[in-house]
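Structure record follows, encoded as structure tokens.
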Amino acid sequence: MLGLARRAGAVAAGTDAARKAVREGRAFLVVLASDASPGQLKKLLPLVERTGVPHCVWGTRAELGGAIGTGLSSAVAITEASLAGQVESSLLEEAGLGRS
């Protein structure tokens, strides 16, 4: 689902791009890599918490980057509301937390 969002042009890839999308009010979901550095998390977590943008942790930097067709990525922001909901549902289902 992350790849679909990327192909639709609805992904801001990387910590800086995700931060910019959140600040500009364009982010509807932020996905963070489980192995993102503390410095990257320190840049992004307070911002998403302050603005109320939903966020979750999924995969490693390599897995997150691979899912969107780039190299390593610590964070991505989904910038289209309907795709953000679909991505979130997909990630929850993959983690075994989906709704029945």
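The values are calculated or read from the model by the stated rules, or taken from the named source; none is laboratory data. On a predicted model such as this, the values are computed, not experimentally measured, just so you know. Here the Cβ positions follow ideal geometry from the backbone for every residue, glycine too, while neighbour counts run over all protein chains shown. Areas reflect the complete protein model, heavy atoms only, side chains present, ligands, DNA and RNA absent. Shrake-Rupley method; radii C 1.70, N 1.55, O 1.52, S 1.80 Å.
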query = How many nm separate the modelled label positions at L45 and D16, each set 7 Å beyond the Cα in the direction of the Cβ?
reply = 2.3 nm
Hz values of 3J(HN,Hα) by residue in region 13-29 - Karplus curve (6.51, -1.76, 1.60), Gly and Pro given as x = 8, x, 4, 5, 5, 5, 4, 4, 4, 5, 4, 7, x, 9, 8, 10, 7
query = Quick one: Karplus J couplings for region 76-84, per residue in order, coefficients 6.51, -1.76, 1.60, θ = phi - 60°, nearest Hz, x for Gly and Pro?
reply = 9, 10, 8, 10, 10, 4, 5, 5, 4
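Using the Cα centre as the reference, give the magnitude of the dipole from point charges on the C-beta atoms of the chain (Lys, Arg: +1; Asp, Glu: -1; all else neutral), rounded to the nearest 20 debye. If you can, show how the numbers build up before the last one.
Details: 11 positive and 9 negative charges, 71 e Å.
Computed charge dipole of the chain: roughly 340 debye.
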note = Mean accessible area per residue over the chain (1.4 angstrom probe, all protein chains present, square angstrom) is 54 Å²
query = Taking the simple approach of a point 7 Å from Cα along Cα-to-Cβ for both V57 and E94, what is their distance in nm?
reply = 1.6 nm
key: Amide H contacts of D35 (H built 1.01 Å from N, under 5 Å, at least 5 apart or other chain)   = R61
